[in-house]
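Report on one structure; see the data block that follows.
Any read-out appearing in this document is the output of simple, stated calculations on the displayed coordinates, not a laboratory observation. What you are looking at is a predicted structure, and each value in this text was computed from that prediction instead of being measured. Heads up, the Cβs are rebuilt from the backbone with ideal geometry, glycines too, and the neighbour counts pull from every protein chain shown.
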Protein chains: 2
Amino acid sequence: MRLRAPTANSNRSTLQGPPMRSPTIKDVAERSQVSLKTVSRVINNEATVREGTRNKVLRVIAEMGYQPDLSARSLRSARSYALGLVYDNPNPYYVIAVQSGVLSVCRESGYGLQIHPCDSNSANLAGELVHLARHSRLAGLVLAPPMSERLELIRHLRANNIPVVRIISAAADPQDGFPCVYVDDRDAAYDITKHLIQLGHQRIGFLWGGEAHRSSPERYRGYESALKDYGIALDKKLIIHGDYSFDDGFRGARKLLALKERPTAIFGSNDEIAAGVLAAAKSSGLEVPYDLSIAGFEDSPFSKQSWPTLTTAKQATEEIARHATQLLISEIDREENDVEKLTVVSNKGFSPQLVIRGSTGPARAAS
Amino acid sequence: MRLRAPTANSNRSTLQGPPMRSPTIKDVAERSQVSLKTVSRVINNEATVREGTRNKVLRVIAEMGYQPDLSARSLRSARSYALGLVYDNPNPYYVIAVQSGVLSVCRESGYGLQIHPCDSNSANLAGELVHLARHSRLAGLVLAPPMSERLELIRHLRANNIPVVRIISAAADPQDGFPCVYVDDRDAAYDITKHLIQLGHQRIGFLWGGEAHRSSPERYRGYESALKDYGIALDKKLIIHGDYSFDDGFRGARKLLALKERPTAIFGSNDEIAAGVLAAAKSSGLEVPYDLSIAGFEDSPFSKQSWPTLTTAKQATEEIARHATQLLISEIDREENDVEKLTVVSNKGFSPQLVIRGSTGPARAAS
C-alpha cells in the first residue's frame with residue numbers, strides 16, 4: 001500500500017484544536033499511539049508493520065493531513081537496510097544455524113541479510129570487508145569466528161565507521177569497548193571431559209578444531225584442566241591438531257586408533273570432527289560406545305541423527321546469533337542517533353551445556 | 001583506491017591530437033583497451049577489476065583528464081548491486097552448495113548476495129518476494145525449487161519487472177520464455193533403480209521428497225519406469241510419502257522395515273532421506289548393504305562421510321547454481337540494455353549421474 005498524497009480537505013487538524021502548526025510525525029505517532037519509528041516504517045512502506053497498525057497510522061495521517069518531509073524521507077531511504085554476515089567455517093550445520101538466527105532478527109527489524117563467507121587467511125581481509133560494507137551499503141556487520149576474534153580487524157572496521165558485533169569464544173566479557181556475544185567454550189569442554197573421566201576413561205584423545213578460532217584453544221584448555229583436576233597425566237600422543245571438519249576428524253581418529261595404546265574415548269572439538277571419528281571407528285570395526293566412546297561439541301542436527309547419537313555440548317548457535325544481531329541493530333540505532341530505538345541491548349554470555357547421548361559409555365580396556 | 005580529481009595540467013589530451021572535445025568514458029575505454037564496463041567499474045571503485053587493469057585505467061584517466069559525469073555516476077550507483085537467493089529446503093548441504101555457487105558468480109560480477117529462505121506455503125509469497133526485491137533493491141532473484149516451479153509466481157514477478165532465473169526439475173527445456181536451469185531428475189532416478197534391480201533387488205522401497213518440489217514426482221517417475229521396464233510390479237505398500245528430510249527418511253524406513261515382506265533395498269529421494277534410512281537400518285540391527293541396500297540422491301558431503309558411504313546420483317548443485325546466476329546476470333544486463341555485457345548465457349540442462357558406493361550390494365532374501 002502506497003501513501004496517498006493528502007488532499008486539501010483531508011487536513012482536519014485545525015478542526016480539532018491544537019496543534020495549529022502543520023502536524024509533525026510526532027503528532028501522528030501520539031495520536032496513533034505508536035512509536036515514531038512505526039510511523040516512519042509505515043511512511044517508508046516497510047513490511048515489518050502489522051496490517052492493523054499500518055491501517056491505523058494511515059488513517060491518522062489522512063485525518064491530520066500530515067505531509068511527510070520528502071527530503072528527510074529520501075535521506076531516510078538512502079539509509080541501508082541490509083546487514084552483512086561474515087564467516088569462515090567448513091561446518092554447514094553451524095553456518096545454517098547462524099544464518100537462521102541472524103535472519104530472524106533481520107526480518108523483525110526490516111533488514112535484508114547479505115552473506116559473506118570469506119577466507120580468514122586472506123591477506124587483505126580488512127580491506128575486503130570495508131569494501132563489502134561500502135559497496136553493498138551494509139548498515140553493519142555480524143562477525144563470526146575467527147574474524148570476530150581479531151582486535152586489529154575490529155579496530156579497522158570501527159575506524160571506517162562500520163558498526164560491527166562479534167560472536168567470540170571467551171569465558172567472560174572482554175570489556176574492550178566493542179559489542180560482542182561470548183561463548184564459554186572452556187567450561188563446556190571441561191564438563192565433557194569430566195563426563196568421560198567419570199565413565200572411567202583415562203586415555204582420552206583430543207582432536208583440535210581450526211587454531212584460527214579462539215574456541216579451539218579454549219576447548220583444549222577445558223580438556224586439559226579436567227584431566228589435571230582428576231589427576232590424569234597429559235599424553236601428547238593423544239592430542240591431534242586439525243580443522244573443524246569431518247575429514248580431519250576421520251584422519252585424526254585413524255591416527256589415534258593406530259596407537260599401540262589407543263584411547264578408549266575421543267573428544268572431537270565439534271560435531272563434524274566427532275562424525276569423522278565415528279566413521280573412523282566403524283571403518284576400524286569398533287563398536288561405539290562399547291569399544292570407543294566419542295563426544296563432540298555443538299549439538300548439531302547430525303549429533304541427533306547419527307547412530308549412535310552423539311554426546312556433545314549444546315551450543316545455542318541460533319540464539320547466540322539472534323542476540324548478536326539485536327546488539328548490532330541497537331548499535332546502529334545508537335550511532336544513527338535514532339532516539340526512538342525500542343531496545344537497549346548489552347553484551348551477553350552463553351554457556352554450552354553437556355548433553356549425554358548414546359556415543360559415550362563406561363570404559364573397557366582397549367584391545 | 002579513490003579516483004583523484006584531475007588537476008588542470010593533467011589534461012594532456014589536447015597535446016595528443018583529437019579528440020579536442022572533453023574526453024568521454026568511451027575515449028578512456030579505447031585508449032585503455034578495456035570495455036566501457038571496466039572503466040565504469042574502476043570509476044565506481046568496484047572490487048572486480050584486476051589491480052593491473054585498474055592502474056592502467058587510472059593512468060589513462062589522469063593522462064586524458066577525463067572527468068566522470070557525476071550525475072551519471074550517481075544514477076549508476078543508484079543501481080542495485082545485490083541479487084537475492086530464494087529457497088525453502090530443509091537440507092543444509094543443498095542450501096550451502098546453492099549459496100556457494102551463486103556467491104561465486106556474484107563475486108566475479110561485483111554483486112552482493114541476500115539470502116531469503118522462505119515458507120513456500122506462505123499465502124502471500126508473491127507479495128513477499130516483490131516487497132523483498134523492492135525494499136532491498138535487489139537487481140534480480142535466483143529462485144530454487146519449489147518457488148521456481150510455480151509459473152504464476154514467475155509471471156507475477158516478471159509483471160513487476162523483477163528479473164528472475166529458475167532452477168527447476170525437468171527432463172527438457174520448458175521453453176516458456178522464462179530463463180531457467182533444468183535438472184533431469186527422472187533419468188537419474190531411473191538409473192538408480194536400474195542399478196538396484198541389476199543387483200537382484202525386486203522389492204525396492206521408495207521414499208518421496210516434498211511434493212511441492214517437482215523433483216519429487218520426477219524422481220518417482222524414474223523409479224516407476226525402471227520397475228516397469230524390468231517387469232517388476234509396483235507395490236504401493238513400498239511407497240511412502242514425506243519431506244526431503246532426515247526425520248521423514250527415518251520414519252519412512254521404520255514403516256517399510258516393519259512390513260511383513262520388507263524391502264531388500266530402499267531408494268530415498270535425497271541423501272538426507274537416505275541418511276534417515278541408514279539410521280533406521282542401524283537402529284533395527286540391520287547391516288548395510290548385507291541386509292538392506294540404500295540409495296540416495298544428490299551426492300552431498302554426507303553421502304561420502306556416512307558408513308557405509310552412500311550410492312547416490314551426483315547432482316552438480318554448485319555448478320547448477322553458478323549457471324543460473326550467470327543466466328540471471330545476463331538477463332539483468334539485457335534488461336538494462338547494457339550493451340557492454342560480456343556474455344550471452346542460455347538455458348541449460350543438467351543430468352545427475354549415478355555414483356555407486358558402499359551402501360548398495362547384491363540382494364539376499366529378507367529375513
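Would you calculate a helix-derived [θ] at 222 nm for chain B, using -39,500 (n - 2.57) for each DSSP H run of n ≥ 4 and dividing by the full residue count, to the nearest 500?
-13000 deg cm²/dmol
Please report Rg over Rh for chain A, where both radii come from the alpha carbon positions and Rh follows the Kirkwood definition.
Rounded to two decimals, Rg/Rh equals 1.14.
Please compute one quarter of the surface area of the Cα convex hull for the protein assembly as shown and express it in square nanometres.
39.3 nm²
So how do B:113-125, A:296-308 stack up, highest first, on mean other-Cβ count within 10 Å?
By packing density, highest mean first, the sequence is A:296-308, B:113-125.
Tell me the Kirkwood radius of the stretch B:186-246: reciprocal of the mean inverse pair distance over distinct alpha-carbon atoms, in Å.
Averaging 1/r across every pair of different Cα atoms and inverting gives 11.7 Å.
Assuming R0 = 25 Å, what is the FRET efficiency of residue B:121 and residue B:221, from their Cβ-Cβ distance, to the nearest 0.05?
0.60
Top mean-square fluctuation among A:233, A:97, A:316, Gaussian network model of chain A, C-alpha springs under 10 Å?
A:233
Find every distance from the label point of residue B:124 to the corresponding label point in the other copies (7 Å from Cα along Cα→Cβ) and write them in nm, one decimal, shortest first.
Copy-to-copy label distances at residue B:124, shortest first: 4.4 nm.
Report the normalised scattering of the stretch B:185-314 as log10 I(q)/I(0) at q = 0.11, 0.15 Å⁻¹, calculated by the Debye formula with identical scatterers on the alpha carbons.
Debye intensities relative to I(0), on a log10 scale: -0.30, -0.58.
Specify the angular offset, from 0 to 90 degrees and rounded to the nearest 10, of the alpha carbon long axis of helix A:246-257 from the longest principal axis of the alpha carbons in chain A.
20 degrees
Could you work out the percent of alpha carbon pairs in the stretch A:60-211 separated by over 20 Å, rounded to a whole number?
Looking at the stretch A:60-211, the distances longer than 20 Å represent 61 percent of pairs.
May I ask for the angle, rounded to the nearest 10°, between helix A:215-229 and the longest principal axis of chain A, with both axes built from Cα atoms and the value confined to 0 to 90°?
50 degrees
Got the residue A:175 label distances to the other copies yet, label 7 Å along Cα→Cβ, in nm, shortest first?
Values, ascending and in nm: 7.3.
Could you list which residues have their amide H under 5 Å from that of residue A:180, counting only those 5 or more apart in sequence or on another chain, with H placed in the peptide plane?
A:166, A:347, A:348
Throw me the Rg/Rh for the stretch B:265-367, computed over C-alpha atoms with Kirkwood Rh, two decimals.
1.26
Short version: ³J(HN,Hα) in whole Hz for each residue of the stretch A:33-39, in order, from phi by Karplus 6.51 cos²θ - 1.76 cosθ + 1.60 (θ = phi - 60°), x for Gly and Pro, what are they?
Computed from phi, the couplings for the stretch A:33-39 are 6, 10, 7, 3, 4, 5, 4 Hz.
Evaluate the relative contact order of chain A (contact order divided by residue number), counting alpha-carbon pairs under 8 angstrom at least 6 apart; express in whole percent.
Over chain A, the number comes to 16 percent.
Hand me the tally of lysine pairs in the stretch A:185-314: alpha carbons under 17 angstrom apart, and the pair either on different chains or 8 or more positions apart.
For the stretch A:185-314, the number of qualifying lysine pairs is 10.
Would you mind giving the mean number of other chain beta-carbons within 10 Å of the Cβ of each residue in A:104-116, as a whole number?
Taking the mean over all residues of the peptide, I get 4.
For a footprinting-style exposure proxy, rank A:131, B:135 by other Cβ within 10 Å, fewest first.
The most exposed by this proxy come first: A:131, B:135.
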